[in-house]
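Trainee: Before we start, here is the structure in question, set down as structure tokens.
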Amino acid sequence: MLRTERSRSYREFVDKDEEEEEEEEGDRPPRGFFDDAAEDRESEEPSKESSKGTSQADDSRGSGPPMRFSKTCLRNFFTVVLIFIYLLLTGVAVFLAYQTISDFLEKLNHPVMSVTYKEVDSFSPPGIALYPGKARLLSCRHHYHDYIPPLVDPGTPQEGDCVMEDVTYVGPFAEQRMKRAVVVRGQQDVRNKEVIFMQFSHNETEEDFSAITYMLFANFSDLIDSDARVLRLSSANKSEFMRDCERNYSMWTFSGGFRTWVKMSLVRTSGKNNEAVEFRQETAVVKFNDKRPESERTNQLFFAVFEWRDPYMQEIRLIVTANPWNSVAILCGVFMALFKAANFAKLTIQWTIKMRKRHLRNKTRELNQIQ
């Protein structure tokens with residue numbers, strides 16, 4: 001029963017559908033109508049899409065260039081700044097290298113003097129070389145404590161206690177004159193203020209000015225020992241020694257009719273390769289009151305006193321303050337800065353090339369989207 005009822009109802013439903021389809025076919029427009037409508041709709045849709053694409057392109061074209069322009073300007077600005085920083089670092093590094101090398105050479109060629117004072121109880125006896133010429137040595141005595149007794153019978157030879165050497169040699173300079181020097185062993189006891197008092201007499205001088213020349217050298221023993229060194233050094237002898245002394249030391253004079261008091265100080269200078277000795281002097285001149293008879297005053301008298309000024313020996317050392325290790329360290333720092341600057345410039349160039357490629361790639365992509 002149920003199956004027959006279901007089939008009947010299905011048949012009735014199908015019939016009703018067929019009737020409805022026939023009615024719709026009566027009212028349905030022809031097939032060409034829908035084809036024309038579809039074509040019109042398809043033609044309208046591309047026109048809308050093209051208009052939308054052109055509007056989007058116009059929008060992108062209107063908004064894109066200012067943004068691209070600002071990015072390009074910013075990239076160029078940073079590139080210029082980075083290049084300027086690299087050039088600045090390079091210039092500073094080159095200047096530091098030049099300044100370091102210049103300072104090192106300046107200090108190497110101009111050493112600094114270091115002055116020290118060494119206190120001593122006694123000095124090595126210096127050599128006092130006197131060139132009396134026509135004058136005659138009347139007396140030479142040692143005294144102590146700055147005390148010189150009154151003169152007894154001035155102008156006559158007196159007993160002395162000085163150690164002396166008489167040396168004759170040819171002068172070292174162009175005139176090549178024969179010279180005679182009386183070399184006296186100098187004072188050495190500075191604590192007891194040892195002095196040497198010498199008296200000379202000069203008769204019938206033909207010179208307009210009368211004076212006696214003298215020279216000081218470091219050690220009197222150098223002259224005495226020169227004969228012993230002849231066995232070892234064939235060119236070393238007293239004459240040659242005096243020639244060398246005259247070539248290297250200065251000459252001074254004291255005048256007749258006065259007592260010249262010479263206070264000496266010793267200065268040792270140590271250089272790069274050798275050592276030099278020189279004397280600095282302070283002189284005081286006092287007039288001699290000649291009490292001799294008029295007949296005896298034809299002989300002019302000379303008086304000289306030699307003494308150490310103080311118990312201090314001055315030592316001057318030439319010190320080269322240029323330290324090569326400091327210069328090497330500074331140059332290493334400079335070259336490291338140059339290396340870092342070069343690396344920095346390399347990275348800057350790589351970054352610029354990378355940004356350029358990215359810009360070209362984006363530009364190509366935008367052109368492809370527009371097409």
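Trainee: Give me the Å³ per residue figure for the convex hull around the C-alpha atoms of segment 121-310. All intermediate terms of the calculation are to be shown ahead of the outcome.
Mentor: Details: hull volume 26.9 nm³, N = 190.
Hull volume over Cα atoms, normalised by residue count, gives 141 Å³.
Trainee: I would also like to ask the following. Counting other Cβ atoms within 10 Å of each Cβ, which GluC sites (Glu not before Pro) in segment 139-183 have at most 12 and sit in a DSSP loop?
Mentor: Sites meeting the loop and neighbour criteria: E159, E175.
Trainee: Going by the alpha-carbon gyration tensor, a ≥ b ≥ c the square roots of its eigenvalues, is segment 102-205 rounded (a/c under 1.5) or, if a/c is not under 1.5, prolate (a/b greater than b/c) versus oblate?
Mentor: Values: a/c = 3.38, a/b = 1.49, b/c = 2.26.
It comes out oblate by the Cα gyration axes.
Trainee: Right, another one. Mind ranking V152, V286 by accessible surface for me, highest first, 1.4 Å probe?
Mentor: V152, V286
Trainee: Please state the charge dipole magnitude for segment 121-310, taken about the Cα centre, from unit charges on C-beta atoms (+1 on K and R, -1 on D and E), reported in debye and rounded to the nearest 20.
Mentor: Numbers: 24 positive and 28 negative charges, 58 e Å.
Roughly 280 debye, rounded to the nearest 20.
Trainee: Further question on the same structure: Rank these by accessible area, largest first, 1.4 Å probe: K263, K346.
Mentor: Per-residue accessible area, sorted high to low, gives K346, K263.
Trainee: Provide K291, K107, K134 ordered by accessible surface of protein heavy atoms (probe 1.4 Å), highest first.
Mentor: Accessible-area ranking of K291, K107, K134, largest first: K291, K134, K107.
Trainee: What does the accessible area of T321 come to, in Å² to the nearest 10, when a probe of 1.4 Å is used?
Mentor: Number for this one is 70 Å².
Trainee: Based on a Kirkwood Rh over C-alpha pairs, give the Stokes-Einstein translational diffusion coefficient of segment 252-371 at 25 °C and viscosity 0.890 mPa s in µm²/s.
Mentor: Result for D is 105 µm²/s.
Trainee: Please find the FRET efficiency linking M355 to T321, where r is the Cβ-Cβ separation and R0 is fixed at 56 Å, and quote it to the nearest 0.05.
Mentor: Calculated value: 0.65.
Trainee: Still on this structure, please answer the following. Using a 1.4 Å probe and ignoring any ligands, DNA or RNA, find the accessible area of H359 and quote it in Å² to the nearest 10.
Mentor: Roughly 40 Å² of H359 is accessible to a 1.4 Å probe.
Trainee: Over the heavy atoms of C73, what accessible area does a 1.4 Å probe trace out, to the nearest 10 Å²?
Mentor: The accessible area comes out at roughly 60 Å².
The values are calculated or read from the model by the stated rules, or taken from the named source; none is laboratory data. Quick caveat: nothing in here was measured; it's all calculated off a predicted structure. Ideal geometry is used to build each Cβ from the backbone, glycine not excepted, and the neighbour counts take in all protein chains shown. For the accessible areas, the whole protein counts, side chains as well, though only heavy atoms, and no ligand, DNA or RNA atoms are used. Shrake-Rupley method; radii C 1.70, N 1.55, O 1.52, S 1.80 Å.
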